[in-house]
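One structure is given below, encoded as structure tokens.
The values are calculated or read from the model by the stated rules, or taken from the named source; none is laboratory data. Values in this document were obtained by computation on a predicted structure and should not be read as measured data. Note that each Cβ is placed from the backbone with ideal geometry, even for glycine, and that neighbours are counted across all protein chains shown. To get the accessible areas, we keep the full protein, side chains included, count just its heavy atoms, and leave off ligands, DNA and RNA. Shrake-Rupley method; radii C 1.70, N 1.55, O 1.52, S 1.80 Å.
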Amino acid sequence: MAYKLGLIGHPIEHSLSPWIHQQFMDVANIDGEYKLYEGDHAKLPEVIQQLRDHRIDGFNVTVPYKQVIIDYIDELDPAAKALGAVNTVVNQNGTWKGYSTDGEGYVRSMKEQFPSLLNEASSVLILGAGGAARGIYRAFIQQNVKRIDIANRSEQRANGLLELRQDPTVSTVLTLQQAESQLNEYDLIIQTTSVGMKPNTDEQIIRLDHLHPDTIVSDIVYQPITTALLKDAKQRGAKIHHGHAMLLYQAQLAFEKWTGTNLDVGHLVDELERKLRGE
Ligand SMILES: NC(=O)c1ccc[n+]([C@@H]2O[C@H](COP(=O)([O-])OP(=O)(O)OC[C@H]3O[C@@H](n4cnc5c(N)ncnc54)[C@H](OP(=O)(O)O)[C@@H]3O)[C@@H](O)[C@H]2O)c1
């Protein structure tokens, strides 16, 4: 069978998802297409109808429709329900089921690069409390790490993440300044804000003066590939983890849900980096 896959969002003309999923189809020797379904808010009902008319097998959802798409979904998996956001939809015989693959995709990308990092002794700091941070926080809760702190500009938004806890995971909400002063307490620091993203590539969410060189610093921003924060961390001797790895692994998980194919995608991390650099 030829899979009919796609992406809805606005704007999406520069999305790398068609390239990524074409690579997956090629590696898996699966026949199919991944098309862009672009439309602003006024066109959303029409775009949704197109997806139904095309009998799409599955699609991704990106900004600004990750929440509003829920109105069109028949069933939600537990992560999507808890987060109130969907980035992947599977069409099961006409029933649309919504998933959120960002958090689990992030954890997969981290385990791939640093297999022994996450255990019951690990302390993690998340910088940011937006949609991506929520998915990552929820996924880390399920990893049974020792502690997951959150630092965000808006304290109220950071407190909102604590509601995702299913058990008394040890988490403290910090200001960005408090986080800066206790950076040496963490095994992993995950930057999830949009600070440092193109065109503001000189911006850095916190100073790293108190960074321990054994700490891994991760930034989910992937444009540029190496953000100012990651450059700084590398210069201080820390190990770094790039945002495009998360992009690839959240796509791997979506592809798995659509096709039932569990692909090894590690070799595509460097290819995706070259693609992002425009090489
Ligand atoms: N690698 C991937 O696969 C992947 C996946 C998803 C997202 N992303 C990237 O992650 C970033 C965040 O996405 P999102 O969907 O979570 O966005 P979002 O829901 O809009 O959240 C934005 C976050 O950034 C913070 N922020 C924005 N400007 C700031 C500033 N000037 N100073 C301090 N904090 C600031 C916000 O803080 P407040 O709460 O205080 O406003 C909030 O924590 C984007 O750059 C996106 O491209 C990457």
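Side notes on the structure shown:
- On a per residue basis, region 103-241 carries 47 Å² of accessible surface, using protein heavy atoms and a 1.4 Å probe.
- Sorting 198, 66, 35 by solvent-accessible area of protein heavy atoms yields 198, 35, 66, largest first, with a 1.4 Å probe.
- Exposure rank, largest accessible area first [279, 155, 38; 1.4 Å]: 279, 155, 38
- Region 103-241: C-alpha pair distances exceeding 17 Å, %: 55
- For the set 257, 81, the ranking by accessible area, highest first and with no ligand, DNA or RNA atoms included, is 81, 257 under a 1.4 Å probe.
- With all protein chains modelled, accessible area of residue 116 [1.4 Å, Å²]: 100
- Counted charge near residue 213, where neighbours are those whose Cβ lies closer than 10 Å (Asp, Glu -1; Lys, Arg +1): +1
- Cα centroid of region 173-206 to Cα centroid of region 70-90, whole Å: 29
- Net charge of neighbours whose Cβ lies under 15 Å from the Cβ of residue 244, counting Lys and Arg as +1 and Asp and Glu as -1: -2
- Per atom type, region 29-113 shows carbon and sulfur on 43% of its accessible surface, probed at 1.4 Å.
- Computed extension length for residue 36-residue 257: 77.7 nm, one decimal, from 0.36 nm per residue of separation with the Cα-Cα distance subtracted.
- For the chain, the average shadow cast by the Cα convex hull is 14.5 nm², which is a quarter of the hull's surface.
- Counting only heavy atoms of the protein chains and using a 1.4 Å probe, residue 46 has close to 110 Å² of accessible surface.
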